[in-house]
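Enquirer: I'd like to ask some things about the structure below.
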């Protein structure tokens, strides 16, 4: 065929990168062929298997009738949805937000991956600063925007906190965005208040935008995690991202919000979303409004994940792994025995025990000669409690 369309070279560079989970899927296929599909207990993808709460499902049904003649949804978000967000942020974090300081988003994936498109100047050598391991859209969005990303290795010896002082001065001078994620996926670390203050001060001193991904803020095991908007100075430089996917088992709804006290940081979302996409469906926003104000299901899931954690961590340790005590999220970042390779180790777990997890070196990158996941595997506690206990029994048999 003679007809040829040239791709944007930034997009082409991403298309040609192998998908990290291809190896996991191949191992899973072999295990299914060996044991059958029902034998596999899947701790791989972080997609909750628990049903969306009934109160949310009922809100959808009600909204279908109530919004049947409403037409196109508001792109920045319905007034009622923003009011629910404001109530949630005030009650949960003590942060007072005006409705103009909130924009509805298609979950957090869309929101965080589009940020570099709004603030990075293509070809100018500008950076985003991304945790490693971290949520892939931080870096993916940077590449599509024509920027560069500098990785912050998150290591056990640094208490699983990104070390800002290690960023080269020339990179700091060209950086536009610092991404932080607390509770952190996949290490399950909750960032203390003094570290968040360090991030705010770093961004203020260097004129860098601070993007705080707080999607796991309601999944914690001890003290409730702080929002960066609670920190002095964050009003100037910070934007927070939230999603209801994990908090309220609403992965199929793709609904979230971003918020900032600085109108300059929020304006691209508000303005460009109006000009490029339609808003979230009214029934989705109505369901999310109810979910945000219902604390009962959020508490129940915190207790449930804690129950699963207590049942599973001792089994991992007995099997030979070392687990740093999870503080938040539903992930376990387990250190494997010395001399083991994460891909081979996870493959053995799957083929011999039917327990599926993710090799840590596939969800982090080698940077400065180090891959932070080269000695770890990740478990997502999304199977039922009964399945978690079954997996624990297999590992300790």
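Just so you know, all these numbers are worked out from the coordinates, no wet-lab data involved. Computed from a predicted model, the values in this text were never measured in an experiment. No Cβ is skipped: glycine too gets one built from the backbone with ideal geometry, and neighbour counts run over all protein chains shown.
Enquirer: Order these peptides, 351-357, 377-383, by their mean beta-carbon neighbour count within 10 angstrom, highest first. Don't skip to the answer; put the middle values down first.
Expert: On the way: 351-357: 20.9, 377-383: 25.1.
Final packing ranking: 377-383, 351-357.
Enquirer: If each residue of separation counts as 0.36 nm, what is the full-extension length gain between residue 310 and residue 55 once their alpha-carbon separation is subtracted? The partial results should precede the final answer.
Expert: Working: separation 255, 0.36 × 255 = 91.80 nm, distance 2.80 nm.
Answer, rounded to one decimal: 89.0 nm.
Enquirer: Counting pairs of alpha carbon atoms under 8 Å apart in space and at least six apart in sequence, what relative contact order in percent does the stretch 257-357 give?
Expert: Answer for the stretch 257-357 is 10 percent.
Enquirer: Distance between the C-alpha centers of the stretch 7-46 and the stretch 298-339? Whole Å please.
Expert: 23 Å
Enquirer: For a quick size check, give me the Cα extents of the stretch 81-214 along its three principal axes, largest first, whole Å.
Expert: 41, 35, 28
Enquirer: Now, a different point. Extension gain residue 193-residue 79, at 0.36 nm per residue separation less the Cα-Cα distance, in nm?
Expert: On the way: separation 114, 0.36 × 114 = 41.04 nm, distance 3.15 nm.
Difference between extended and current length: 37.9 nm.
Enquirer: Simple spin-label model, 7 Å along Cα-to-Cβ: residue 366 to residue 159 in nm?
Expert: Roughly 3.1 nm, to one decimal.
Enquirer: Find the relative contact order for the stretch 49-150 and round it to a whole percent, using C-alpha pairs within less than 8 Å whose residues are 6+ positions apart. Write down the numbers at each step before the final one.
Expert: Details: 85 pairs, mean separation 20.1, N = 102.
Contact order relative to length: 20 percent.
Enquirer: Then there is this: Give the Rg/Rh ratio for the stretch 1-87, taking Rg as the radius of gyration of the Cα atoms and Rh as the Kirkwood radius, to two decimals.
Expert: Values: Rg = 22.4 Å, Rh = 19.1 Å.
Using only Cα positions, Rg/Rh for the stretch 1-87 is 1.17.
Enquirer: Pairs of alpha-carbon atoms within less than 8 angstrom and 6+ residues apart define the contacts here; what relative contact order does the chain have, in percent? Working shown, then result.
Expert: Working: 759 pairs, mean separation 93.7, N = 397.
Result for the chain is 24 percent.
Enquirer: Just subtract the alpha-carbon distance of residue 6 and residue 66 from 0.36 nm times their residue separation and send over the number in nm, one decimal. Each step should come with its number before you reach the end.
Expert: Details: separation 60, 0.36 × 60 = 21.60 nm, distance 4.65 nm.
Value of the extension gain: 17.0 nm.
Enquirer: Using alpha carbon centroids, what distance separates the stretch 196-235 and the stretch 350-397, in Å?
Expert: Each part reduced to its Cα centre gives a spacing of 28 Å.
Enquirer: Hey, another quick one. Among 31-39, 265-273, 4-12, how do they line up from the highest to the lowest mean number of other beta-carbon atoms within 10 Å? Mind dumping the intermediate values first?
Expert: Values: 31-39: 12.6, 265-273: 17.4, 4-12: 8.9.
In descending order of packing, they fall as 265-273, 31-39, 4-12.
Enquirer: Another question, then. Let me have the 222 nm mean residue ellipticity of the chain computed from DSSP H runs of 4+ only, each contributing -39500 (n - 2.57), with the sum over all residues rounded to the nearest 500. Each step should come with its number before you reach the end.
Expert: Details: 14 runs with 167 residues, N = 397.
Rounded to the nearest 500, it is -13000 deg cm²/dmol.
Enquirer: Given the peptides 284-296, 82-94, arrange them by the average over their residues of other C-beta atoms within 10 Å, most packed first.
Expert: Details: 284-296: 20.8, 82-94: 18.2.
Those peptides, ordered most packed to least, come out 284-296, 82-94.
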